[in-house]
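These notes are about the structure you will find just below.
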Amino acid sequence: MRRRAALPVLAGAALVILARPGPTGAQVVAPAAPSAATPASAVALPTAPQDPQVARGRYLAVLGDCEGCHDRPGGPPYAGGLPLNTPFGTIYSVNITQDRETGIGAWSADDFWNAMHKGVRRDGAKLYPAFPYPYFTHVSRAESDALYAYFRTVAPVSYRPPPNRLPFPFNLRFLVGVWNALYFKADDRPVSGADSGQHIVQGLGHCGACHTPKTFLGGDKTDHALEGGQLDTWAAPAINADPRRGLGSWSTAEVAEYLKNGRNDRANASASMAEVVTHSTSQITDADLAAIGDYLRGRPSHADPVDANFKPDGKVMAAGEAIYVDECAACHAVDGKAAPGLFPPLPGAAVTQSTDPTTVIRFILSGAQTVATDAKPTPHSMPSFGWKLTDAQVAAVATYVRNSWGNVAPAVRPGDVGKIRRKVGQAVQKPSAKV
């Protein structure tokens with residue numbers, strides 16, 4: 001549902017390109033842009049729709065987190081222009097307001113359906129697979145028409161996002177045909193159980209966009225669906241029945257609570273997942289949240305089993321424990337149990353035990369802030385430690401929390417930390433004792 005993965009993450013990402021972006025510098029003419037201090041989600045949308053199809057379409061737009069990619073900071077709703085970082089370059093989300101020149105105001109319901117179902121643009125060109133049509137192809141025609149009806153009510157905004165920054169050969173759109181032959185097939189089966197968790201997760205929810213590992217060309221490894229993926233400098237955890245690295249130890253109610261409120265007694269949503277909760281899952285019906293939880297918890301895991309006999313280096317663990325007690329225990333407690341519902345406990349935490357340590361490293365380096373929701377209006381913050389801990393120290397404390405209190409996960413190497421530090425630009429600002 002969102003453009004980047006976060007810790008802990010339960011929803012997917014959409015890097016959207018529905019029309020050819022034009023030159024920069026166009027003026028926004030309607031509605032007026034909010035101030036930079038006003039989030040796009042706070043801008044008043046058009047008058048609440050009375051038509052049932054339009055109302056259904058608005059809900060489906062929330063379910064698919066359309067604002068997540070089509071709202072740039074400070075811009076009007078759905079006007080596009082948000083830079084989306086992909087492994088192949090930067091894509092700017094497009095304008096999907098009703099402006100006929102720069103948006104989709106000239107699109108018909110069939111044009112919209114072809115984009116959703118077949119990944120084909122109004123002019124017949126293939127869409128880049130950054131737009132998640134491999135998921136949206138599972139959306140029914142009735143759902144597509146409802147979305148179209150809703151977007152017809154969105155006020156036109158004259159705005160052209162900047163051109164995409166895709167290096168050769170990724171800027172050659174015809175190569176998408178090759179990608180489609182490898183990774184995409186339009187779903188022409190009749191839709192059954194339109195409100196089922198499977199239909200939401202595999203369709204508009206497009207959870208696998210973040211939570212399924214990718215090939216080197218960016219296609220889903222479908223035999224490892226929902227077993228976790230990596231995007232930019234975050235690692236999305238498994239969201240399946242894996243009891244250590246996924247949701248196997250969660251109840252359906254806990255999954256629904258996390259998605260609705262942005263936290264539960266096991267985990268807090270932050271970074272991009274916080275935005276997903278804000279724009280999408282906090283507004284989804286309880287029935288749909290429960291259906292999502294039931295489906296995810298029933299998904300089998302094909303990941304390699306955890307080596308319960310793994311023992312990290314004793315000296316590294318001792319160093320990591322000393323750092324943990326000094327820097328982390330005030331919030332997470334010496335025994336790691338913290339204060340459930342406020343600060344997430346570390347024993348048994350799925351993300352902490354993930355095979356990929358990227359997100360654990362990222363949090364230690366950069367810190368985080370949880371999402372504020374109606375039910376949980378006060379956000380909580382974790383400070384950055386990257387400015388004061390060396391790569392070896394971050395690796396030591398990460399290894400410690402990943403292998404204490406019953407947790408088992410591969411050790412973190414200083415080189416792993418260094419790679420992520422260089423990407424996020426978090427330099428050490430003062431000398432620290434050697435590990």
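Which entries in the list K311/K376; K315/K388; K311/K388 go over 32 Å, if you measure between the two C-alpha atoms of each?
Details: K311/K376 39 Å; K315/K388 21 Å; K311/K388 27 Å.
In this structure, K311/K376 lie more than 32 Å apart at Cα.
Between D110 and S249, 0.36 nm times their residue separation minus their Cα-Cα distance comes to what?
Values: separation 139, 0.36 × 139 = 50.04 nm, distance 4.37 nm.
Extending this stretch completely gives an extra 45.7 nm.
Quick one: pull the percentage of alpha-carbon pairs in region 319-435 with a separation above 17 Å. Show your work: numbers first, answer last.
Working: 3694 of 6786 pairs.
Everything past 17 Å amounts to 54 percent.
How much of H380 can a 1.4 Å solvent probe reach, expressed as accessible area in Å² and rounded to 10?
Counting only protein heavy atoms, the figure is 40 Å².
When the Kirkwood hydrodynamic radius is evaluated over all pairs of different C-alpha atoms of region 159-244, what value in angstrom, to one decimal, is obtained?
Numbers: mean 1/r = 0.0651 Å⁻¹.
Averaging 1/r across every pair of different Cα atoms and inverting gives 15.4 Å.
So how do 210-223, 329-342, 263-276 stack up, highest first, on mean other-Cβ count within 10 Å? Don't skip to the answer; put the middle values down first.
Values: 210-223: 16.8, 329-342: 14.8, 263-276: 24.8.
Packing order, densest peptide first, comes out as 263-276, 210-223, 329-342.
At what distance in nm do the modelled label points of W387 and V334 sit from each other, each positioned 7 Å from its Cα along Cα→Cβ?
For W387 paired with V334, the spin-label model returns 2.9 nm.
Counting only protein chains, not ligands or nucleic acids, how are E321, E143 ordered by accessible area (probe 1.4 Å), most first? Each step should come with its number before you reach the end.
Numbers: E321 85, E143 15 Å².
From most accessible down to least: E321, E143.
Which value, in nm² and rounded to one decimal, describes the direction-averaged projected area of the C-alpha convex hull of region 204-351?
Numbers: hull surface 40.7 nm².
Averaged projected area of region 204-351's Cα convex hull equals 10.2 nm².
If packing is taken as the average count of other Cβ atoms within 10 Å, what order do 92-103, 241-252, 163-174 fall into, highest mean first?
Sorting 92-103, 241-252, 163-174 by mean packing, highest first, produces 92-103, 241-252, 163-174.
Would you list which lysines come within 23 Å of K118, measuring only between C-alpha atoms, while excluding same-chain residues fewer than 8 positions from it?
K118 reaches K126, K185, K214, K221.
If you project the alpha carbons of region 226-286 onto the principal axes, what extent comes out on each, in Å, largest first?
Rounded to whole Å, the extents work out to 28, 26, 18 Å.
What aspartates and glutamates does K337 reach when the alpha-carbon gap must be under 20 Å and sequence neighbours fewer than 8 apart in one chain are set aside?
Once the sequence-local aspartates and glutamates are set aside, what remains near K337 is E254, E257, D265, E321, D326, E327.
What's the local net charge at I361, with K and R +1, D and E -1, over the other residues with C-beta under 14 Å away? Could you put the intermediate results ahead of the total?
Values: positive: R362, R402, R413, K419, R421, R422, K423; negative: D232, D356, D391, D416.
So the environment of I361 carries a net charge of +3.
I need the peptides 361-367, 397-403, 322-328 ranked by packing, meaning the mean over residues of other C-beta atoms within 10 angstrom, with the highest value on top. Walk me through the numbers before you get to the answer.
Values: 361-367: 22.9, 397-403: 25.0, 322-328: 17.1.
Result, highest mean Cβ count within 10 Å first: 397-403, 361-367, 322-328.
Taking the C-alpha atoms of region 289-364, how large are the radius of gyration and the largest Cα-Cα span, Dmax, in Å?
Reported Rg and Dmax, both Å: 15.5, 46.
Before I look further, what does region 134-266 give for accessible area per residue, probe 1.4 Å, in whole square angstrom? Let's see the in-between values first.
Working: 5760 Å² over 133 residues.
With the other protein chains kept in place, region 134-266 gives 43 Å² per residue.
From the Cα gyration tensor of region 74-192, with a ≥ b ≥ c the square roots of its eigenvalues, which class applies: rounded if a/c is under 1.5, or else prolate if a/b is larger than b/c, or else oblate? Kindly include the intermediate steps, with their values, before the conclusion.
Working: a/c = 1.93, a/b = 1.01, b/c = 1.90.
It comes out oblate by the Cα gyration axes.
How charged is the neighbourhood of Q53? Take every other residue with its Cβ under 12 Å from the Cβ of Q53, and add Lys/Arg as +1 and Asp/Glu as -1.
Values: positive: R56, R58, R152; negative: D51, E143, D145.
Local charge sum for Q53: 0.
The values are calculated or read from the model by the stated rules, or taken from the named source; none is laboratory data. This is a predicted model, so every value here is computed, not measured. Positions of Cβ are generated from backbone atoms using ideal geometry, with glycine treated the same way; all protein chains shown enter the neighbour counts. Keep in mind that these areas ignore ligands, DNA and RNA; they rest on the heavy atoms of the full protein, side chains included. Shrake-Rupley method; radii C 1.70, N 1.55, O 1.52, S 1.80 Å.
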